[in-house]
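Data first, discussion second: the structure below is written as structure tokens.
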Amino acid sequence: MPQTTLIIATRNAHKTKEIRQMAGDSYLVRDANDFHDFPQVEETGTTFLQNATLKAEAISSCVDGFVLSDDSGLEVDALDGAPGVWSSSFGGEEGNHTRNNHRLLDDMRQVPQDRRSARFVCVMVVACKGKARAHFRGSVEGRILLAPSGEEGFGYDPLFAPIGYEVSFAELGAEIKNQLSHRARALSAALEWLNNHAG
Ligand code: ITT
């Protein structure tokens, strides 16, 4: 079966891995790490949609065809929605997941079990020739655990238990995470749109 190439405007290999697993064999999934001439996109927006649009438009102006971006993060109700769009640098250093998780646990130390609600959010933008064409939002509700657990996934996965489960995404593993995650929900809508518009 011929594969459709899907270029993801990300340098986060964990996101790409999940998208590749979820998209299945009919897609050849590549990301910005495969193209050394792609620009580093500054995320100057204050919303997931703004940042997802910046990434998708910048990368799609360098390559033919549709490009899909993913801007995502964790919103914690007891922290008024933080870390939100600043999820990847919450601990003070961009992309340092250990520090991010330490800061989150620290900030949540006084918060009781029944006030630890949170959600992962993912906004995906499809762009072509430097212009955004459509966007999709997925989210998954859950709560912040008292201590990290599990080895799988990335980022805040060891601290986030999705609703209906007692353990973290990192403990549940890829099969379950990919069925109910924020990224799974946004991707399923994005792929449906692409099926109707690509080609
Ligand atoms: P790109 O901008 O290159 O895509 P990034 O990691 O900087 O990579 P974001 O700006 O969208 O991407 O930040 C996302 C951060 O949110 C990520 O680094 C994690 O800290 C967190 N995050 C997003 N999705 C997650 C998931 O599925 N599991 C755990 N943490 C996640």
List the residues, sorted by chain then number, that are 5 or more residues from Ala134 or on another chain and whose placed amide H is less than 5 Å from its amide H.
Val126
HN-Hα J couplings of the range 139-150 from phi, Karplus 6.51/-1.76/1.60, θ = phi - 60°, integer Hz, Gly and Pro as x?
8, 9, 7, x, 8, 8, 6, 7, 8, x, 8, x
Report the residues of the range 137-165 in range of a label on Arg115: point 7 Å along Cα→C-beta, backbone N strictly under 19 Å from it.
142-147
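Treat every Asp and Glu Cβ in the chain as -1 and every Lys and Arg Cβ as +1, leave all other atoms uncharged, and give the resulting dipole magnitude about the Cα centre to the nearest 20 debye.
340 debye
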Roughly how many debye, to the nearest 20, is the charge dipole of the range 64-114 about its Cα centre, given +1 on each Lys and Arg Cβ, -1 on each Asp and Glu Cβ, and no other charges?
260 debye
What residues have an amide H closer than 5 Å to that of Val167, excluding those fewer than 5 places away on the same chain, when H is modeled at 1.01 Å from N in the peptide plane?
none
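Which entries in Lys17/Lys55; Lys17/Lys131; Lys15/Lys131; Lys15/Lys129; Lys15/Lys55 show an alpha-carbon gap greater than 20 Å? List each step's numbers first, then the result.
Values: Lys17/Lys55 18 Å; Lys17/Lys131 25 Å; Lys15/Lys131 22 Å; Lys15/Lys129 23 Å; Lys15/Lys55 14 Å.
Those over the limit are Lys17/Lys131; Lys15/Lys131; Lys15/Lys129.
What percent do you get for the relative contact order of the chain when only Cα pairs under 8 Å and 6+ apart count? Provide the component values of the computation, followed by the final result.
Numbers: 411 pairs, mean separation 35.4, N = 199.
Here the relative contact order equals 18 percent.
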Describe numerically, in nm with one decimal, the distance between label points set 7 Å from Cα along Cα→Cβ at Glu192 and at Glu175.
2.6 nm
Can you list residues whose amide H is under 5 Å from Gly91's amide H, if they're 5+ apart or on another chain and H is modeled 1.01 Å from N?
Asn100
Using the Karplus curve 6.51 cos²θ - 1.76 cosθ + 1.60 with θ = phi - 60°, what ³J(HN,Hα) values do you get for each residue of the range 116-129, in whole Hz, with x for Gly and Pro?
9, 5, 7, 8, 8, 10, 9, 10, 10, 10, 9, 10, 8, 6
Within the range 100-136, which residues have the backbone N less than 14 Å from the label spot 7 Å out from Ala78 along Cα→beta-carbon, could you tell me?
103-119
Which Cα, out of Phe48, Phe169, Cys62, lies furthest along the positive dipole direction of the range 30-179 (beta carbon charges, K/R +1, D/E -1)?
Phe48
Please work out the Cα center distance from the range 76-97 to the range 123-199, rounded to the nearest Å.
17 Å
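Read-outs: derived from the displayed coordinates by stated rules, not from any lab. Just so it is clear, the structure is predicted and the values come from calculations on it, not from any experiment. Here the Cβ is made from the backbone with ideal geometry for all residues, glycine too, and neighbour counts use every protein chain on show.
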